[in-house]
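Laboratory data are not the source of any read-out in this text; all were calculated from the coordinates shown. In this text the structure is predicted, and so the values were computed from the model without any measurement. We place every Cβ from the backbone using ideal geometry, glycine too, and count neighbours over all the protein chains shown.
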Amino acid sequence: MTEEIAEIRSVRPWTEINSPNRFEQFSGAKEMLDFLAQMRRISEKPVGTKIVAGNEAQLESYVQAMHQTGIVPDFITVDGSEGGSGATYYELAASVGLPTFTVIPMLDDLLRKYGIRNQTYIIASGKLLTPDKIAMALALGADLINIARGFMMSVGCIMAEVCHTNRCPVGVATTDPKLQKALSIDEKKYRVCNYLLSLREGLFEMAAVMGIDSPTKFSRKHIEWNGRFKEAMHQHV
């Protein structure tokens, strides 16, 4: 813990500490929503949650709590088992939780069931690196897309999976001034821009193939949404 980080976290500098894997402020869905409402009042900003769903019953209890309390997040980010951080254990990053494409329609249906779909946005996340994956997420019910891995790779990430050590060899995930020199902003900014433009172009091409003029008009009618497809999604768990 450097002096700067130690001051922010109110701990002794130059020591190693573990980050807690639980929130002290709440232990259930309703308490979390109360905390969310408090954050919203204090910040006067939109506040949402990020979830990895374990099963449908768990997800429904969360949506049911929104309906009962009247507290609905401004956005709900769905991160599936495909996602993960280079700073966590492999088995957690690769295996825990339902796949993104399984949870998006599940959450979309539950929000509609409880009459609160128009009060929030669904943001999809989890290895959505290419236009076809983005189009699928939008068609299944997502309103927006989060991309971390794609932009990290375009800026130079080599997936060394040492983010938690502060020793990223390419200068992407480090606060070490010497290692940061490996990241050339003047060069990488063009790579990031090209990646974004290519994504946008590819997504509009996907929309054109479907006969629509905007990716915002993707819906389930644009995919083969039948019992066999749903079963295959769940078998992916």
- When the charge dipole of the stretch 48-235 is computed with +1 at the Cβ of Lys and Arg and -1 at the Cβ of Asp and Glu, the Cα pointing farthest to the positive end, of Leu111, His67, Pro169, is that of Pro169
- For Rg/Rh (Cα atoms, Kirkwood Rh), which listed value, (1) 1.14; (2) 0.99; (3) 0.95, comes from the coordinates shown? (2)
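List the relative contact order of the stretch 48-235 as a percent without decimals, with contacts defined as Cα pairs under 8 Å and 6+ residues apart. Don't skip to the answer; put the middle values down first.
Details: 277 pairs, mean separation 35.5, N = 188.
RCO, the stretch 48-235: 19 percent.
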- Task: Quick one: which residues, 5+ away or cross-chain, put their amide H under 5 Å from the amide H of Ala124? H built at 1.01 Å from N.
- Result: Val78, Asp143, Leu144, Ile145, Asn146
- Listed by chain and number, the residues whose amide H is under 5 Å from that of Lys50, excluding neighbours fewer than 5 places away on the same chain and using placed H, are Thr77
- Message: I need the helices of the chain that pass two filters: whole DSSP H segments spanning 24 Å or more by Cα along the axis, and mean Kyte-Doolittle score no lower than 0.0.
- Response: 185-210
- Can you work out ³J(HN,Hα) from phi for every residue in the stretch 161-174, in order, using Karplus 6.51 cos²θ - 1.76 cosθ + 1.60 and θ = phi - 60°, giving whole Hz and x for Gly and Pro? 6, 10, 3, 6, 9, 6, 10, 4, x, 10, x, 7, 10, 8
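Order of Tyr62, Tyr121, Tyr90 from fewest to most other C-beta atoms within 10 Å? Walk me through the numbers before you get to the answer.
Values: Tyr62 20, Tyr121 16, Tyr90 10.
Neighbour counts put them in this order, fewest first: Tyr90, Tyr121, Tyr62.
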